[in-house]
Amino acid sequence: MEVKILTQHYDKPEYQSLEGYKKYEGYQQLKKALTLKPEAITEMVKQAGLRGRGGAGFPAGVKWGFLPNNGKKRYLICNADEGEPGTFKDRAMMDRAPHQLIEGMIISAFAINSPKSYIYIRGEYFESKRIVEKAIKEAYAANLLGDNILGSGFSHHMDIYSGAGAYICGEETGLISSLEGKKGQPKLKPPFPAIEGYLAHPTIVNNVETLAAVTIIIRDGVEGYRKYGTEKSPGTKLFSVSGNVVKPGNYEIPLGTPLKDVIFNLCGGLKQGRKLKAVIPGGSSAPVLNEEEAMSVNMDYEDLADKGSMLGSGAIIVIDDSNSMVELLQVLMHFYHHESCGQCTPCREGTGWLSKLSNSILEGSASLNDVKLLEKVANHMKGKTICALSDAAAFPVLSFVSKFKEEFISAATANVALQFQSKNGQSYKRG
Amino acid sequence: MFTISEKTKAFITKEVSRYETKRSAIIPCLFELQKDNQGWINNDCIESLSQFMNIPSKDINEVFHFYTMFNKQSVGNFHIQVCCNISCHMNGGLDLFQVLSDKFNIKPQQVSKEGLAISKVECLGSCGTAPMMQVNEKYYENLTKEKAIQLVNDLVASKKQN
Ligand SMILES: Cc1cc2nc3c(=O)[nH]c(=O)nc-3n(C[C@H](O)[C@H](O)[C@H](O)COP(=O)(O)O)c2cc1C
Ligand code: SF4
Ligand code: FES
């Protein structure tokens with residue numbers, strides 16, 4: 001079930017270094033790519049159907065095709081901010097296979113004709129930063145980066161930029177603002193970064209995994225890449241599995257693999273023989289699936305959308321029946337409230353309400369009406385803001401409450417009972 | 001007025017020259033400045049940086065206050081950050097936070113007499129090895145309460161030997 005293409009050599013410690021990477025055909029695809037026409041590479045990425053692995057799933061080749069031909073310097077940015085709760089795949093890739101990322105980036109930069117790229121690494125990833133920094137140095141020393149790369153006439157410079165602890169800097173326009181030395185506040189789109197990005201220059205922002213996959217497309221060709229996955233979701237994808245499974249971790253599987261197989265075969269099922277209750281299939285922003293949905297869904301963009309959720313960043317959070325959904329929602333709402341950048345009223349105020357309401361339901365100081373209010377506020381937050389963080393907070397609320405309504409009602413009404421009890425000095429039992 | 005060390009001044013000068021706009025250097029320079037001032041930054045530091053970089057302090061303040069990794073008060077010798085987001089929460093993150101706070105008598109927003117500070121933090125990208133914590137720049141994963149206590153004990157002891 002696991003198909004190790006991107007992660008083929010993850011278990012080899014020497015793979016971190018340039019020397020080790022070269023033992024396994026490292027930088028051979030770059031050599032090959034430099035003999036191709038840049039447009040041909042973009043076309044291959046399009047044909048291969050590679051979709052962005054950072055969350056939105058937008059086709060990478062199509063995005064590259066949006067770059068205007070206005071003679072302006074183009075930038076490539078690797079989004080290594082990885083702030084989505086549940087996601088830890090980009091960190092693993094940087095730590096174990098930094099050259100794989102760098103090679104993918106140089107090829108991508110060549111394809112879009114960019115002389116300069118930045119890897120925006122989340123600030124907390126000190127170790128990853130050191131590893132990637134070292135790899136970049138090695139690449140420069142071997143003329144894989146810098147001027148006239150391997151005598152091809154193509155020059156490219158690469159640099160690392162460290163974030164400073166803000167989830168919103170994972171959003172591409174927030175990331176660009178941050179790179180410009182400002183607050184990481186998103187900007188209204190359009191214009192999209194491809195037209196007006198870093199310092200108002202055309203800029204492509206792609207996720208770590210997306211850029212690394214470009215190398216595989218060069219190696220295996222369009223057909224070879226499409227050998228795995230489904231027609232509309234080709235290739236393999238890294239999934240970070242966490243929560244209550246026996247063997248959490250990163251797994252590379254062909255898109256379209258049943259979630260059931262991931263949980264029960266790859267990850268060894270639930271801990272301590274517990275029962276599956278729910279699964280968040282694509283990072284904390286993705287609507288939750290109940291047991292029945294989780295057992296029947298396939299892990300690809302389309303099937304997840306059909307089931308009312310999304311693939312997102314590929315973080316599968318497995319929840320067993322010992323958990324209170326009210327409690328988990330409260331944890332998530334605290335997160336979104338904390339991370340809202342505060343520009344849009346529906347998000348700034350809304351996440352605050354959601355956090356407070358879920359907290360009071362959990363603590364038993366809410367009423368039945370507050371459950372309704374929770375949904376009402378979430379509904380008001382959708383589609384009304386500059387970036388998708390507001391939606392990302394609303395989706396879990398709506399899915400948690402609709403699928404686990406009983407739990408929310410009982411948390412809220414347990415409290416009605418308590419209030420009644422304290423008012424009358426006697427116990428009140430609901431019919 | 002806070003005095004920026006020569007080493008940090010050299011860093012700032014180099015950093016500013018690396019970017020097309022001076023502003024891009026603010027974040028890396030704040031990180032460096034933070035090291036200069038025992039891990040946290042106050043108004044005085046910002047003023048000095050503003051003068052040295054020749055950037056209005058309002059621009060620096062904007063950045064300083066937006067990002068959580070710039071500390072507004074001392075975080076001691078060891079800043080223990082316990083992840084309490086969803087996957088860690090399901091695997092005992094809160095317990096870990098509580099046990100460490102109690103055992104080492106660390107109050108929120110304060111530094112203990114052993115030089116420890118503790119914070120609950122959001123997901124650190126280590127959810128598959130939950131529960132976890134970060135101490136200064138290092139991750140500690142797959143923790144139990146016992147392991148975490150031992151770790152912190154060791155850190156405190158290592159500092160005493162120095
Ligand atoms: C609130 C928010 C947070 C995001 N965080 C990340 C992130 O940490 N990493 C990432 O690659 N994309 C993140 N994204 C998606 C990016 O905006 C963007 O779509 C992505 O980097 C594009 O790369 P891709 O097409 O290769 O996926 C986030 C989006 C939003 C709205
Ligand atoms: S939706 Fe929220 S996070 Fe996004 S720009 Fe608006 S306030 Fe900021
Ligand atoms: S939830 Fe704790 S590291 Fe992600």
Under 18 Å from the mean Cα position of the chain (by Cα), closer than 29 Å to A:His9 by Cβ and not in a helix (DSSP H, G or I): does that describe A:Tyr161?
no
Flagged in the range A:60-113 as away from ligand 2 (no atom under 16 Å from the Cβ), surrounded by 24 or more Cβ atoms within 10 Å (Cβ to Cβ) and either at pLDDT below 95 or small (Gly, Ala, Ser) (or both), in numbering order, are A:Ala60, A:Ala80, A:Gly86, A:Ala97, A:Gly104, A:Ser108, A:Ala109, A:Ala111
Pick from B:Ser126, B:Ser112, B:Ser101: which is small (Gly, Ala, Ser), at pLDDT 95 or above and within 22 Å of A:Lys129 (Cα to Cα)?
B:Ser126
Name the residues in the range B:7-57 that are free of Cβ contacts under 8 Å to residues at least 40 places away in the same chain, touching a helix residue (DSSP H, G or I) at 6+ places or on another chain (Cβ under 9 Å) and among the hydrophobic types (A, V, I, L, M, F, W, C), would you?
B:Phe11, B:Val16, B:Ala25, B:Ile26, B:Cys29, B:Leu33, B:Trp40, B:Ile41, B:Ile46, B:Ile55
Looking at A:Ser410, A:Ser358, A:Ser365 in this structure, which one is surrounded by 24 or more Cβ atoms within 10 Å (Cβ to Cβ) and either more than 16 Å from ligand 1 (Cβ to nearest atom) or under 18 Å from A:Ile319 (Cβ atoms) (or both)?
A:Ser358
Of the numbered conditions (1) away from every other protein chain (no Cβ under 14 Å); (2) surrounded by 23 or more Cβ atoms within 10 Å (Cβ to Cβ); (3) more than 15 Å from A:Thr210 (Cα to Cα), A:Asn148 satisfies every one except a single condition; which is it?
(2)
Can you tell me which residues in the range A:56-89 are out of contact with any helix residue (DSSP H, G or I) (no Cβ under 7 Å at 6 or more places or on another chain), more than 14 Å from chain B (Cβ to nearest Cβ) and part of a loop (DSSP other than H, G, I, E, B)?
A:Ala56, A:Phe58, A:Phe66, A:Pro68, A:Asn69, A:Asn70, A:Gly71
Are any of the residues in the range A:235-245 over 27 Å from A:Ile77 (Cβ atoms) and more than 14 Å from chain B (Cβ to nearest Cβ)?
no
Those residues of the range A:172-191 which are part of a loop (DSSP other than H, G, I, E, B) and either within 12 Å of ligand 1 (Cβ to nearest atom) or not acidic (Asp, Glu) (or both) amount to A:Gly181, A:Lys182, A:Lys183, A:Gly184, A:Gln185, A:Pro186, A:Lys187, A:Leu188, A:Lys189, A:Pro190, A:Pro191
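Got a sec? Which of B:Lys138, B:Lys120 is facing chain A (nearest Cβ under 10 Å) and touching a Cys at 6+ places or on another chain (Cβ under 8 Å)? Steps first, answer last, please.
Numbers: B:Lys138 fails: touching a Cys at 6+ places or on another chain (Cβ under 8 Å).
Selected residue: B:Lys120, the only one of B:Lys138, B:Lys120 that is facing chain A (nearest Cβ under 10 Å) and touching a Cys at 6+ places or on another chain (Cβ under 8 Å).
Here's the yes/no breakdown for (1) buried (at least 23 other Cβ atoms within 10 Å of the Cβ); (2) of a type in the set (Ser, Thr, Tyr); (3) within 14 Å of chain B (Cβ to nearest Cβ):
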position	(1), (2), (3)
A:Tyr251	yes, yes, yes
A:Leu259	yes, no, no
A:Phe264	no, no, no
A:Gly268	no, no, yes
A:Arg274	no, no, yes
A:Ile280	yes, no, yes
A:Glu292	no, no, no
A:Ala305	no, no, no
A:Ile316	yes, no, yes
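The values are calculated or read from the model by the stated rules, or taken from the named source; none is laboratory data. Quick caveat, the model's predicted, so the values are computed rather than measured. When we count neighbours, we look across all protein chains shown, and the Cβ atoms used for this are built from the backbone with ideal geometry, even at glycine.
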